[in-house]
Amino acid sequence: MELLKELSEAAGVSGNEKAVREVVLRHIADHVDEHRVDALGNLIAVQKARPQASQPKRVMLAAHMDEVGLMIVYIEKNGMLRFEPVGGIDPRVLLAKRVRIGPDGVPGVIGMKSIHLQDPAERKKVPSADKLVIDIGASNQEQAGRLVKVGDYAVFDTAFAPMTDSTVMGKAFDDRAGCAVLVKVLQAGPYDCELHAVFTVQEEVGLRGARVAAYGIDPDVALVLEGTICDDAPKTRDETPVTRLGAGPAITIADRSVIADRALTNMLVQTAQAHGIPYQFKAPGLGGTDAGAIHQTRSGVAAAVVAVPARYIHAPVCVLNLNDYEHAVQLVIETLKQGAWS
Ligand SMILES: [Zn+2]
């Protein structure tokens, strides 16, 4: 849980994943044979196969370090900050939220008109992001400019917290949950395959890091580790949720970015069944992951996705189930151990 907390609280909006990279590196450095940071900022670690493995496959495991957030684009004369969303953020979740800005984590709040001042029509509308400002308490442009620069990133200011024995809340479980799973998988290695673990950058703005990393690695197969949509709250209509919290790691059949490799998917399912690990399928057709870029690399890469379900992803605070997380770690480890990659 400490690892998840540390990863969740690190600031890493797409394009500025350094703080997350440092946390990851601290936890994996002693468990990998080599590591490097590429031109885009992907952290690529290689864990060689066990010496007794014959003709080990090159397996790429990917989890993205970046999270959705905001970028400061203009400082108003009155000291308020204009911003743009980075990645997909519902403007409804922005109002009156605390943020931390720039390398020093300058505290700010996304301002809104108080209810007393809104007319009845305004109360029914959600202002778009370009109508909102971040208030850092500065009284003019010059004072604000000493604290914050145009181009600085803002992240939601959310402390990680346990809820019940099995649930926790925190920000950015999409995809720090996947990063944490990947760290644990490396710590449990080596395996009979050559692992190329990539903590990718800029997934939320178009799978950019994974695309170049996969090209360089040229893997035989790829497994993407995610924190995915969980919408199991009661509904008025009888609809199947995308995933359910506590029902095990979610295996993707197809989303908007990839049709998962059937052989790999079957291998995950058979491994889960053989080891009594709970699992679920993610409802097809929603979301996208780094697998979207990886499977189209070079002459194509067989790719599958395993995800930890998290409620309220892309919002300031999400909820996940620690058993799902532990079972995702176990599922990936057991799958790698049996090593029958074909
Ligand atoms: Zn994600």
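Only one of (1) at pLDDT below 95; (2) of a type in the set (Lys, Arg); (3) within 15 Å of the ligand (Cβ to nearest atom) is not met by LYS131, so which one is it?
For LYS131, the exception is condition (3).
Please report, ordered by residue number, the strands (runs of 3 or more DSSP E) entirely within segment 1-82 with at least 2 residues that are out of contact with any Gly (no Cβ under 9 Å at 6 or more places or on another chain) and more than 14 Å from HIS196 (Cα to Cα).
Numbers: elements: 34-37, 43-47, 58-64, 69-75.
Because the criterion is at least 2 residues that are out of contact with any Gly (no Cβ under 9 Å at 6 or more places or on another chain) and more than 14 Å from HIS196 (Cα to Cα), the strands (runs of 3 or more DSSP E) in segment 1-82 that meet it are 69-75.
When you scan segment 214-226, do you find a residue that is at pLDDT below 95 and at positive phi, even just one?
No; the residues of segment 214-226 include none that is at pLDDT below 95 and at positive phi.
Name every residue in segment 274-304 that is within 16 Å of the ligand (Cβ to nearest atom) and touching a Lys or Arg at 6+ places or on another chain (Cβ under 8 Å), in order of residue number.
LEU286, GLY287, GLY288, GLY292, ALA293, ILE294
Which ones in segment 306-316 are in contact with a Gly (Cβ under 7 Å, 6 or more places away or on another chain) and hydrophobic (A, V, I, L, M, F, W, C)? Step through it out loud before you land on a result.
Applying the first criterion (in contact with a Gly (Cβ under 7 Å, 6 or more places away or on another chain)) to segment 306-316 yields 307-308, 310, 313-314.
Residues satisfying the conditions are ALA307, VAL308, ALA310, ILE313.
For segment 187-242, name all the residues that are away from the ligand (no atom under 16 Å from the Cβ), crowded, with 24+ Cβ neighbours inside 10 Å and in a strand (DSSP E or B).
LEU195, ALA197 - these are the residues of segment 187-242 that are away from the ligand (no atom under 16 Å from the Cβ), crowded, with 24+ Cβ neighbours inside 10 Å and in a strand (DSSP E or B).
From the list VAL181, VAL99, pick out the single residue that is within 27 Å of VAL198 (Cβ to Cβ) and surrounded by 20 or more Cβ atoms within 10 Å (Cβ to Cβ).
Sole residue among the options that is within 27 Å of VAL198 (Cβ to Cβ) and surrounded by 20 or more Cβ atoms within 10 Å (Cβ to Cβ): VAL181.
Got a sec? Which of VAL59, VAL32, VAL46, VAL20 is in the same structural domain as LEU320 (by TED's automatic domain parsing) and within 18 Å of ARG176 (Cα to Cα)? Can you show your working first?
Numbers: VAL59 fails: within 18 Å of ARG176 (Cα to Cα); VAL32 fails: within 18 Å of ARG176 (Cα to Cα); VAL46 fails: within 18 Å of ARG176 (Cα to Cα).
Just a single option satisfies the conditions, and that option is VAL20.
Only residues that are crowded, with 17+ Cβ neighbours inside 10 Å and either among the basic types (Lys, Arg) or on the phi > 0 side of the Ramachandran plot (or both): list them for segment 44-68, please.
Answer for segment 44-68, where residues must be crowded, with 17+ Cβ neighbours inside 10 Å and either among the basic types (Lys, Arg) or on the phi > 0 side of the Ramachandran plot (or both): LYS57, ARG58.
Could you say whether any residue in segment 111-118 is in contact with a strand residue (DSSP E or B) (Cβ under 9 Å, 6 or more places away or on another chain) and touching a residue at least 40 places away in the same chain (Cβ under 8 Å)?
no
Going by the structure shown, is LYS149 modelled with pLDDT under 95 and either more than 25 Å from TYR74 (Cα to Cα) or not assigned by TED's automatic domain parsing to the domain that holds PRO219 (or both)?
no
Only one of (1) under 21 Å from ARG82 (Cβ atoms); (2) surrounded by 13 or more Cβ atoms within 10 Å (Cβ to Cβ); (3) among the polar types (S, T, N, Q) is not met by SER139, so which one is it?
(2)
Which one is surrounded by the fewest Cβ atoms within 10 Å (Cβ to Cβ) among residues in segment 15-43 that are under 18 Å from THR289 (Cβ atoms) and over 14 Å from the mean Cα position of the chain (by Cα)?
So the residue we want is LEU40.
Could you identify the single residue in ALA154, ALA144 that is surrounded by 16 or more Cβ atoms within 10 Å (Cβ to Cβ), over 17 Å from the mean Cα position of the chain (by Cα) and either in a strand (DSSP E or B) or not assigned by TED's automatic domain parsing to the domain that holds ALA53 (or both)?
Unique residue meeting the criteria: ALA144.
Can you tell me which condition PHE160 does not meet? The list is (1) in contact with a strand residue (DSSP E or B) (Cβ under 8 Å, 6 or more places away or on another chain); (2) under 21 Å from GLU76 (Cα atoms), and all the others hold.
(2)
Take the residues in segment 157-177 that are within 16 Å of the ligand (Cβ to nearest atom) and of a type outside the set (Asp, Glu); name whichever of them is surrounded by the most Cβ atoms within 10 Å (Cβ to Cβ).
The qualifying residue surrounded by the most Cβ atoms within 10 Å (Cβ to Cβ) is ARG176.
Do you know which of the residues in segment 158-215 that are within 17 Å of the chain's Cα centre (by Cα) and aromatic (Phe, Trp, Tyr) is farthest from ALA328 (Cα to Cα)?
PHE160
Output the residue which, of all residues in segment 29-68 that are among the polar types (S, T, N, Q) and more than 16 Å from the ligand (Cβ to nearest atom), is nearest to GLY170 (Cα to Cα).
GLN47
Considering each residue of segment 269-313, count those that are buried (at least 24 other Cβ atoms within 10 Å of the Cβ) and more than 22 Å from GLY216 (Cα to Cα), and give that number.
Number of matching residues: 7.
The values are calculated or read from the model by the stated rules, or taken from the named source; none is laboratory data. If you're wondering where the values come from, they're calculated on a predicted model, not measured in any experiment. Cβ sites come from the backbone with ideal geometry, for glycine too, and all protein chains shown count toward neighbours.
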